Amino acid sequence: MQVQYWRDQAACKGIRPSLFYPDNELEEQKAKAICGLCCVRECCLDFALATGEPEGVWGGLNVRQRRRISRSRSGLMGYVHA
């Protein structure tokens, strides 16, 4: 099990988790606004990318945005190894 000390510093700590699994764009924007104030946003995003988190707002990005990053990173790795 991976210990995630960064979570103790997260701006979302204590906020209802369902906000970060939004049903609409307004809720998504609220979640992203909280992430925008967070000092561990990059750690959160790295965690979501490394684990392939399939839902929610992590590190200020939704799943679609994280998939784009994952694909671009995969493309870069293919280019480096080619």
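Laboratory data are not the source of any read-out in this text; all were calculated from the coordinates shown. All values reported here derive from a predicted model rather than from experimental measurement. Here Cβ is always computed from backbone atoms with ideal geometry, including for glycine, and neighbour counts include all displayed protein chains.
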- Go through (1) out of contact with any Lys or Arg (no Cβ under 9 Å at 6 or more places or on another chain); (2) closer than 26 Å to Ser74 by Cα and name the single condition Ser18 misses. (2)
- Task: Scan the stretch 7-32 for residues that are over 13 Å from the mean Cα position of the chain (by Cα), in a helix (DSSP H, G or I) and surrounded by 11 or more Cβ atoms within 10 Å (Cβ to Cβ) and report the count.
- Result: 6
- Query: Which ones in the stretch 20-48 are touching a strand residue (DSSP E or B) at 6+ places or on another chain (Cβ under 8 Å) and either aliphatic (A, V, I, L, M) or more than 22 Å from Ser70 (Cα to Cα) (or both)?
  - Reply: Leu45, Ala48
